[in-house]
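Where a number appears in this text, it was derived from the coordinates with a stated rule and is not lab data. Bear in mind the structure is a predicted one, so any value in this text is a computation, not a measurement. All Cβ positions, even for glycine, are placed from backbone atoms using ideal geometry, and neighbour counts span all protein chains on display.
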Amino acid sequence: MRIPSSRSRAGLAAAAVLPLVAAALFVAPAAADTPAPRNRAVVPDTAPDWARSTADQGRERADAPVTVRVYLTGRDHDGLDDLARQVSDPASEQYGHFLSPEQLAERFGSSEEQTTKVRGWLDSSGLRVTASNGHYLTADGAVADAERAFGTELHTYRKDERTYRAPAGDVTVPAHLAHDVLSVTGLNTAPSRVRPGRPTPRDILPGPGNAFVNSPPFSDHFGSTPATGTPPAYGAVRPYVIQGFDGAQLRTAYGAAATGLTGRGATVAVVDAYDSPTIGDDTARYAAEHGDAPYGKNQLLRYDPAVWTHTAPPDVDPGGCDASGWYGEQTLDIEAVHAVAPDADISYVGAASCYDQDLVDALDRVVDQHLGDIVSNSWGEPENASDPAFDRVYQHLFKRGAVTGIGFYFSSGDDGDQLENTGTKQTDMPASLPWVTAVGGTSLALDASNGYRFETGWGTLKSVLSADGTSWTDLPGGFSGGAGGGTSARFPQPHYQRDVVPPALSGANGGRHRVVPDIAAVADSNTGFLVGQSQTFPDGSVRYGEYRIGGTSLACPVIAALQALAQQAKGSPIGFANPAIYHRYGTGAYHDVTDHPFGPGTELAQVRVDYTNSVNADDGTTTSLRTMGHDTSLVADRGYDNVTGVGTPTAEYLTSWDCPPDGQSPEHRTTDRL
């Protein structure tokens, strides 16, 4: 299950690396396309690509209302970038020397002088500052005021059969503010995750969403129960899917059980939108029924905003986020983290809505208060659908986290290369950002003793049983879900990927670009995790139920939990992990996952039965064959690949963190259910 950040989705993806050179760890973004007018400075990435002359519908009304956020760079923006590289690079003498939140604010936070300068400029332009904090100022006004402030006209453009407002050219600010303004959001009204509008305290969280129940029969482990009576596929009758993994099985699969590590001393922050009203009871009951350790006092703490917004489903409010659709995501994330890292503390941080500005606020809260060392984020959207004005905001936020020892993990997506979903091959955001760890997905098989048997890249083809039950329709069937990945069109290749990522992947869009994902874990809903959640059943009753779930929304908290174990082994926070993750490439730290672990001529598939009405057999069932290891144009192959990254962790990965790199001393410190 991976929740698209702008809406909820029905159904809950050789050789060791050379020493990294800290000064060249990340490539700077390209300069703006057009020069700024005299005495003005361009704010990069604030004019969206879709705002082209061919789609231009004319200038926006001068008196139309505008609400903007002007994000601040803080003090010493270049110094922040340099320190973030050094503390994250195992080859640097500064590796692991993190700042406290107080030191972060003192060295790199915005100053009172900076805020006063930006406020004065907005006031002089006719915009009215309505709110401010250490990260941004919010201002209201009319289009004419915004055009005066930002040095560009605002037009309406045709996009996806609708019209939206956007800057007609690069947003600029007075030259004397060039080092104070990080980005400007709100001028672009296309529905990314940001949606202009006032908080509405009338919004209250709805009750649990509609129920989902898995239909038997099931295999006890992969391949144990043949689907007798169904037609053969690929030369044999295929087995039924499993009922769902529990925490003990996942701990065995990825080596945690062998190490004895439990995550003690680490805190995992989970960031989603909203907050399920039944989450406390659900997580406690699930742990009790599956033999997980009970939650200790204050082991699960929840941090919510003052108000909720946009809680309605999209069929009621086109801009709604469907708050109850996020409950399953939150439940999965928390239960998976606790199942794999039972002694780790968990901070749940709820965003006021599913839009960028509110998710950024939640992430800022994590950094400002250091609510976690490891942050799990199972949300995102296609790269081309995201607002580029938020790129610099996210990057700045993640660098601030890096210098305080916080690592951010994002699911890579559940729609493969996005071609079928959007018409364009692309990666997902924020997983594409170079300062996050993008988590891809696999299909996982265990043996009768719960030992690791094999994984394939997660990519599923679905073929339905024919009406007469004698064949599989259009075998192998259509694509029904797979791990997101591929080559970003927006971000250059970070240094940690050089010498690991094949040039054919990094150069897919010309030049050298960021490739997603970095690492992977189980994601296939047919080999997924059993989650427990209160749900609303057709008779109107609300009761606890369990169902199998997947998506890279599962892979992300599993990796976050494994990082908690690695942090326990290390004895101190890991921070931004990608340089260290790639430093271990080519060793026994990873399972090298391929789409066809038994050879290219051997197809793997499972049979699945589903209730037609999603809850019981009253309206019959549907039987389908799920063929594994076929993820759109993405391929899990030997070595690094764009489905599973460097691979999936082993016990050696976890224990390797106890060995300081390069001789340094230890103190260098969507859910898919369909």
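Along the Cα-to-Cβ line of Tyr544, 7 Å from the Cα, sits a label point; which residues in segment 267-292 have backbone N less than 17 Å from it?
Once the point is set 7 Å along Cα→Cβ of Tyr544, 276-292 turn out to lie under 17 Å by backbone N, inside segment 267-292.
Might you report the magnitude of the Cβ-based charge dipole of the chain about its Cα centre, with Lys and Arg at +1 and Asp and Glu at -1, to the nearest 20 debye?
Numbers: 50 positive and 81 negative charges, 148 e Å.
Taking the Cα centre of the chain as origin, the dipole is about 700 debye.
Hey, if you put +1 on the Cβ of every Lys and Arg and -1 on every Asp and Glu Cβ in segment 475-570, which of Gly511, Gly485, Leu565 ends up farthest toward the positive end of that dipole?
Gly511
How far apart, in nanometres, would the label points at Asn509 and Arg302 be if each is projected 7 angstrom from Cα along the Cα-to-Cβ direction?
Between Asn509 and Arg302, the label points sit 3.8 nm apart.
For segment 446-515, what does the convex hull of the Cα positions come to per residue, in cubic angstrom? Present the calculation step by step, with values, prior to reporting the outcome.
Values: hull volume 11.2 nm³, N = 70.
Looking at segment 446-515, the number lands at 159 Å³ per residue.
If you put +1 on each Lys and Arg Cβ and -1 on each Asp and Glu Cβ, how big is the dipole of segment 497-555 around its Cα centre, in Debye rounded to 20? Provide the component values of the computation, followed by the final result.
Values: 5 positive and 5 negative charges, 48 e Å.
Using only the charged Cβ atoms, the result is roughly 220 debye.
Per residue, what volume in Å³ does the Cα convex hull of segment 534-623 take up? Working shown, then result.
Details: hull volume 14.8 nm³, N = 90.
Spread over its residues, the Cα hull of segment 534-623 gives 165 Å³ apiece.
Take Thr422 and Phe598, extend 7 Å from each Cα along the Cα→Cβ direction, and tell me the distance between the two endpoints in nm.
Output for this residue pair reads 3.6 nm.
What's the ranking of 131-142, 306-317 by average number of surrounding C-beta atoms within 10 Å, highest first?
Values: 131-142: 18.8, 306-317: 16.5.
Highest to lowest by the protection proxy: 131-142, 306-317.
If we sort 586-594, 296-304 on the protection proxy, mean other Cβ atoms within 10 Å, highest first, what's the order?
Details: 586-594: 20.3, 296-304: 12.9.
Ranked from most to least packed, the peptides come out as 586-594, 296-304.
Determine the percent antiparallel among the DSSP beta bridges restricted to the chain, to the nearest 5. Could the numbers behind the result be given before it?
On the way: 68 of 100 bridges.
Around 70 percent antiparallel, to the nearest 5.
Is the shape of segment 571-665 rounded, prolate or oblate, going by the alpha carbon gyration tensor and its root eigenvalues a ≥ b ≥ c, with a/c under 1.5 for rounded and a/b larger than b/c for prolate? Write down the numbers at each step before the final one.
On the way: a/c = 3.53, a/b = 2.06, b/c = 1.71.
Since a/c reaches 1.5 and a/b is larger than b/c, the shape of segment 571-665 is classed as prolate.
Let me check against my output: what whole-number percent is the relative contact order of segment 455-578, with C-alpha pairs under 8 Å and at least 6 apart? Walk me through the numbers before you get to the answer.
Details: 162 pairs, mean separation 22.7, N = 124.
RCO, segment 455-578: 18 percent.
Name the residue from Tyr590, Asn613, Tyr547 whose Cα lies farthest towards the positive end of the charge dipole of segment 532-625, charges +1 on Cβ of Lys and Arg and -1 on Cβ of Asp and Glu.
Tyr590
Please give the residues of segment 525-566, grouped as numeric ranges, whose backbone N is less than 15 Å from a label point set 7 Å along the Cα-to-Cβ vector of Glu289.
The answer is 529-537, 542-549.
Obtain the nm distance between the two label points defined at Ile204 and Ala257 by a simple spin-label model: each point lies 7 Å from its Cα along the Cα-to-C-beta direction.
In this crude spin-label approximation the distance works out to 4.6 nm.
Using Cα-only point scatterers and the Debye equation, what is log10 of I(q)/I(0) for the chain at each q in 0.08, 0.09 Å⁻¹, rounded to two decimals?
These q points yield log10 I(q)/I(0) values of -0.57, -0.72.
Just how many pairs of Lys in the chain have C-alpha atoms closer than 26 Å, counting pairs that are eight or more places apart or on different chains? Mind showing how you got there, number by number?
Values: Lys117/Lys399; Lys159/Lys425; Lys297/Lys570; Lys399/Lys570; Lys425/Lys462.
Eligible lysine pairs with Cα atoms under 26 Å apart amount to 5.
How many angstrom lie between the C-alpha centres of segment 265-322 and segment 87-136?
30
What does the convex hull of the Cα atoms of segment 391-489 come to per residue, in Å³, rounded to a whole number? Write out the running numbers ahead of the final one.
Details: hull volume 14.0 nm³, N = 99.
Cα-based convex hull of segment 391-489, divided per residue, equals 142 Å³.
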